[in-house]
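Okay, so here's the structure we're looking at.
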Amino acid sequence: MGQNEKKILAIQDAFMRLYAHDQVHEITVKRLCEEVGIARTAFYYYFSDIYDVLESIEDKLIGDLKEINQDFFAQDFYQITKDQFVYFFDTLRYIKENRSWLKTLLNRSRDGQFIYKWKKIINQDFSRKYHHDKIVPENEPMVLEMISSACIGAYTYWVNHLDDISMEEVAKEVLYRLCRDFISE
């Protein structure tokens, strides 16, 4: 990781530590720079304002999640049993590795922008899966909204209870059921 990436990550980490306790509009560039130990000019070299930092974090997480699930449409969920359902483990591992950022965004994001972005890629993944498998659900937009809301709800619950619920339980009891119930012939 180069110096620029390290500084960007330090700014993002400090922002998320502050955002875990304060509203975005309460976080100032001055305070963030003090937290990181950089000059304001250094901050403005990378970001235009506090909201730009938040957006960069959201976009990084969403981009990573989209990449992790890029082959979702090609999975054959008809051949998978509950005990074999490991497809979502990469997503769940990513959530666990990025727990602090995701927990903060899922619990503190008042405008819902991050959740909206994540639901959008889940909707796209399931829509692509439906078209790949030639499934035409009635009222597809509503079905996709139900699926993405259920996924986000499960991920939010899990990120808040990581010590109580295993990755295997989330994959088998929640995500397997979603795929079984909503991707059927």
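Using 0.36 nm per residue and subtracting the Cα-Cα separation, the extra length available between residue 146 and residue 169 on full extension is 6.2 nm.
Global size of region 1-47: 10.3, 30 Å for Rg and Dmax (C-alpha atoms, Rg to one decimal, Dmax whole). The modelled label-to-label distance between residue 56 and residue 131, using points 7 Å beyond Cα along the C-beta direction, is 3.4 nm. The aspartates and glutamates whose alpha-carbon is closer than 14 Å to the alpha-carbon of residue 129, local same-chain residues fewer than 8 away aside, are 71, 76, 140, 181, 185. Take the cross-link list 66/120; 6/120; 66/96; 60/96 and give me the ones stretching past 19 Å between alpha-carbons. Violating the 19 Å Cα-Cα cut-off are 6/120. Within region 2-20, name every residue whose backbone N is under 15 Å away from a label modeled 7 Å from Cα of residue 31 along the Cβ vector. Under 15 Å, as judged by backbone N against the label point of residue 31, lie 14-20 of region 2-20.
Every read-out reported here was derived from the displayed coordinates using simple, explicitly stated rules and does not represent laboratory data. This structure is a prediction, so every number in the text was calculated from the model and none was measured. Backbone-built Cβ (ideal geometry, glycine too); neighbour counts: all protein chains shown.
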